[in-house]
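Written below as structure tokens is the structure these notes are about.
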């Protein structure tokens, strides 16, 4: 069973959900499309849960500050992507996010907020840019609200998981899965 679990974890199915504009997401309902987009790719799921895991591991103000910084930067990045502003290295940064944050969790790194927040914000900006590029032409505000809510929910799940004794192992698994996606 352990071998099967490891094989499934390393299988890059639906790894990257960024294939261009998705105006037909969720039958045209922008809010539902926004809610579903972060759930559509392993790269997003891994990173967004990892933000919560790391926030819980750092503790204190980081529990709310890291998720808030990620979501705020993500919404800003979404606006840039929707406006057609090009950002370099978006996909590599998205892949790096789960590796870097996962490794920080696994190593129990607890930097101050002055160091952690910019890292989280850059990753949030890049994830948001990908969401914005793929967002619908109509109903962009509802779409953005949907992906912000879904992301906050994934951060909350990560915070809950981060309170478990196996949080460092989850971080290591996140980094390994991110690495597998990067080389796939």
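Run residue 44 past the list (1) in a helix (DSSP H, G or I); (2) modelled with pLDDT under 90 and report the number of the one that doesn't hold.
The single condition residue 44 does not satisfy is (2).
Looking only at residues that are modelled with pLDDT under 95 and either over 16 Å from the mean Cα position of the chain (by Cα) or more than 22 Å from residue 96 (Cβ to Cβ) (or both) in the range 168-184, which one is surrounded by the most Cβ atoms within 10 Å (Cβ to Cβ)?
Result: 184.
(1) modelled with pLDDT of 80 or more; (2) within 20 Å of residue 181 (Cβ to Cβ); (3) buried (at least 16 other Cβ atoms within 10 Å of the Cβ): which one isn't true of residue 18, the others all being true?
(1)
Is it the case that residue 109 is part of a loop (DSSP other than H, G, I, E, B) and either in contact (Cβ under 8 Å) with a residue 24 or more places away in the chain or more than 19 Å from residue 143 (Cβ to Cβ) (or both)?
yes
Quick check on my filter: what residues within the range 131-149 are part of a helix (DSSP H, G or I) and either over 16 Å from the mean Cα position of the chain (by Cα) or crowded, with 22+ Cβ neighbours inside 10 Å (or both)?
131, 132, 133, 134, 140, 141, 142, 143, 144, 146, 147
Which one of these does residue 118 not meet: (1) out of contact with any helix residue (DSSP H, G or I) (no Cβ under 8 Å at 6 or more places or on another chain); (2) closer than 18 Å to residue 42 by Cβ?
Tallying (1) out of contact with any helix residue (DSSP H, G or I) (no Cβ under 8 Å at 6 or more places or on another chain); (2) closer than 18 Å to residue 42 by Cβ, residue 118 fails exactly one: (2).
The values are calculated or read from the model by the stated rules, or taken from the named source; none is laboratory data. As the structure is a computational prediction, the values presented were derived from the model and not from experiment. Counting neighbours? That spans all protein chains shown, and the Cβs are built from the backbone with ideal geometry, glycine included.
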